[in-house]
Amino acid sequence: MRWEGARKSENLEDRRRMGPRTLAIGGLGMLVILLIGSLLGIDPRRLQQLVNNAPGAAQGGGGGQAANRELTPDEIRSRDFTATLLAFTEEVWQEQFRRAGESYTPPKMVLFSDAVQTGCGNAPSAVGPFYCPVDRTVYLDPTFFEELERKLGGSRADFSQAYVIAHEIGHHVQNLLGYTAIVDQKRRTSSPEEFNRWSVRLELQADYLAGAWAHYGQQKFNFVEPGDVEAAMQSAQAIGDDRLQKNSRGFTSPESYTHGTSAQRTKWFRRGLQTGDLNTMKELFALPYEQL
Ligand SMILES: [Zn+2]
């Protein structure tokens with residue numbers, strides 16, 4: 001992926017220098033919000049454990065003194081990369097919203113290590129990248145990308161990371177367009193199984209939006225290099241619910257899927273990439289579950 005030298009967003013905050021801090025939990029419904037926003041299909045009970053055990057979550061405020069250290073060259077690179085990617089998403093979505101007669105308010109992005117306090121509560125790195133609709137911010141521990149690279153066999157794949165970031169920005173677009181609120185409402189009115197299906201729908205729509213972003217971004221910035229699309233597809237496959245469940249416990253239970261299968265995730269990302277058609281984004285949301 002070609003990105004070096006392009007504009008960097010000013011909406012990025014790097015909290016990594018501060019290290020882990022002791023912070024209080026805030027906000028009701030945080031688990032569900034995190035679940036919706038997280039990239040990974042994490043079991044809600046596991047997520048609850050993670051959140052409860054997040055550094056600082058138990059202490060509830062106070063302290064918070066951590067060494068202020070210099071960033072490593074790798075950390076500087078990941079900061080520059082995410083700030084540039086964020087700028088790419090700002091320019092694409094600003095233009096698409098303008099064309100639709102709407103205005104786009106860009107999200108913030110926070111880089112952190114170990115754990116982070118958000119408008120949706122305290123979260124550990126283990127939940128993976130996520131978007132908090134309450135404070136309209138994407139939270140990302142870039143060491144997640146190192147794990148992703150290990151899963152994918154080692155090579156540094158910038159475009160795979162771009163897909164991950166674009167997926168989270170997709171959740172912001174959904175938030176602005178009202179889809180997040182619809183699904184959040186379903187949480188209160190549906191059975192857990194039915195709610196999981198709505199969660200899958202929202203996640204696949206975010207994958208579609210990530211593809212659509214790449215479609216328009218390529219027209220504008222010509223950033224795709226040979227092999228990039230395949231690398232992003234591999235990432236989408238690696239984080240399908242079926243693959244994750246199979247790897248972590250040896251079997252899958254489709255009724256507990258919250259993000260969609262590997263095949264579904266690659267299908268909708270690819271479709272967004274091919275057409276960029278935002279009507280398809282609306283149609284996806286109205287499709288019968290079996291046709292997703
Ligand atoms: Zn997601």
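Could you go through segment 174-181 and let me know if any residue there is over 22 Å from residue 275 (Cα atoms), of a type outside the set (S, T, N, Q), part of a helix (DSSP H, G or I) and away from the ligand (no atom under 15 Å from the Cβ). Looking for residues that are over 22 Å from residue 275 (Cα atoms), of a type outside the set (S, T, N, Q), part of a helix (DSSP H, G or I) and away from the ligand (no atom under 15 Å from the Cβ), one finds at least one in segment 174-181, hence yes.
Matching residues to (1) in contact with a Lys or Arg (Cβ under 8 Å, 6 or more places away or on another chain); (2) hydrophobic (A, V, I, L, M, F, W, C); (3) not in a helix (DSSP H, G or I):
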site	(1), (2), (3)
200	no, yes, no
204	yes, yes, no
208	yes, no, no
214	no, yes, no
220	no, no, no
225	yes, no, yes
233	yes, yes, no
236	yes, yes, no
267	no, no, no
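The residues in segment 182-197 that are within 15 Å of the ligand (Cβ to nearest atom) and either closer than 27 Å to residue 216 by Cβ or modelled with pLDDT of 95 or more (or both) can be counted, and the count is 1. The number of residues in segment 166-178 that are surrounded by fewer than 21 Cβ atoms within 10 Å (Cβ to Cβ) and under 16 Å from residue 283 (Cα atoms) comes to 2. In segment 101-133, the qualifying residues are those that are among the hydrophobic types (A, V, I, L, M, F, W, C) and in a loop (DSSP other than H, G, I, E, B), and the one that is nearest to residue 87 (Cα to Cα) is 112.
Of the residues 252, 280, the single one that is assigned to a helix (DSSP H, G or I) and away from the ligand (no atom under 16 Å from the Cβ) is 280. Here residue 209 fulfils each of the conditions (1) surrounded by 17 or more Cβ atoms within 10 Å (Cβ to Cβ); (2) more than 18 Å from residue 85 (Cα to Cα) apart from (2). Residue pairs whose Cβ atoms lie under 6 Å apart, separated by 6 or more positions or on different chains, with the first residue in segment 247-263 and over 11 Å from residue 200 (Cα atoms) and the second within 14 Å of the ligand (Cβ to nearest atom), are 262/240.
The combined condition, being assigned to a helix (DSSP H, G or I) and at pLDDT below 95, is not fulfilled by residue 85. Annotation: residue 257 fulfils all but one of (1) out of contact with any Asp or Glu (no Cβ under 6 Å at 6 or more places or on another chain); (2) within 15 Å of residue 196 (Cα to Cα); the unmet one is (1). The number of residues in segment 132-161 that are among the aliphatic types (A, V, I, L, M) and more than 15 Å from the ligand (Cβ to nearest atom) comes to 3.
Looking only at segment 93-131, filter to residues that are β-branched (Val, Ile, Thr) and within 16 Å of the ligand (Cβ to nearest atom); which one of those is surrounded by the fewest Cβ atoms within 10 Å (Cβ to Cβ)? It comes out as 118.
The values are calculated or read from the model by the stated rules, or taken from the named source; none is laboratory data. The structure displayed is predicted, hence computed values, not measured ones. Glycine also receives a Cβ, built like all others from the backbone with ideal geometry; neighbour counts cover every protein chain displayed.
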